[in-house]
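Scroll down for the structure; my scribbles are underneath it.
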Amino acid sequence: MAQRTKARPTPRTHQTISGASWESRTLERQTHTGVAFLDLDMTEVVDEASVFTDCSFRRTRFNCSKHTDAAFVNCTFANCNFFEARFTGCKFVGCLFERCEFDLMVVAGGNWSHVGLPSADLRKAEFTDVRMSEADLTGANLQGAVLRGCDLSGSWLHGANFSRCDLRGSDISAIDPVHARLAGTIIDFQQAAVLASAMGLEVRSE
């Protein structure tokens, strides 16, 4: 079972909402704390700055939803679908994802530090300018994904597959080039120097 980074305990919920349909709703600055959402339909929801703290989402459909400046803090997501969901400037600090689908999900900006995404299939996901420090990406499949301008410092990357992943502009200091899968990975010149140094090579300008 996936473990949380930074050892925050799994939140205890005190309210359950089951089988609700929020399809196509606009959520504006809503606040939910300690709620267990079961089979919630958030398809095409437009979320403006809502805050979910210590909540649990199981079998929730986030398909085609748009979230701006929203916050999901220390939440758990299990068997959720994020098909074509878009998160702009959102906060997911301390969240844990298990058996979720992320096809065509787009994340632009925001803070995803200490998230747990072990063994996640992120092949068709896109992260741009996202803070993901100390994220757990152990065994994650990022083949062909986009992680541009992201802060991956201190992240757990053992067994992650970065083949053909676009990592340009990201902090890749946590990648072990000896054990990582990097075939066809797209990087910039500065990152090439970082990887070369990690392999024990001495990089000189001339």
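The values are calculated or read from the model by the stated rules, or taken from the named source; none is laboratory data. Everything numeric here is computed off the predicted structure, so don't read it as measured data. Virtual Cβ from ideal backbone geometry, glycine too; neighbours counted across all protein chains shown.
The range 18-134 holds strands (runs of 3 or more DSSP E) entirely within its bounds, and those carrying 3 or more residues that are free of Cβ contacts under 8 Å to residues at least 60 places away in the same chain map to 26-28, 31-33, 35-38, 46-48, 51-53, 56-58, 66-68, 71-73, 86-88, 106-108, 126-128. Quick check on the range 173-181. Is at least one of its residues within 26 Å of GLU84 (Cα to Cα), in contact with a Leu (Cβ under 8 Å, 6 or more places away or on another chain) and not aliphatic (A, V, I, L, M)? Taking every residue of the range 173-181 in turn, none turns out to be within 26 Å of GLU84 (Cα to Cα), in contact with a Leu (Cβ under 8 Å, 6 or more places away or on another chain) and not aliphatic (A, V, I, L, M). Filtered by the rule that a residue be out of contact with any Ser or Thr (no Cβ under 8 Å at 6 or more places or on another chain) and surrounded by fewer than 19 Cβ atoms within 10 Å (Cβ to Cβ), the range 167-194 gives ARG168, GLY169, ASP176, PRO177, VAL178, HIS179, ILE186, ASP188, PHE189, GLN190, ALA192, ALA193.
ALA140 fulfils the conditions (1) modelled with pLDDT under 95; (2) out of contact with any strand residue (DSSP E or B) (no Cβ under 6 Å at 6 or more places or on another chain) except for a single criterion, (1).
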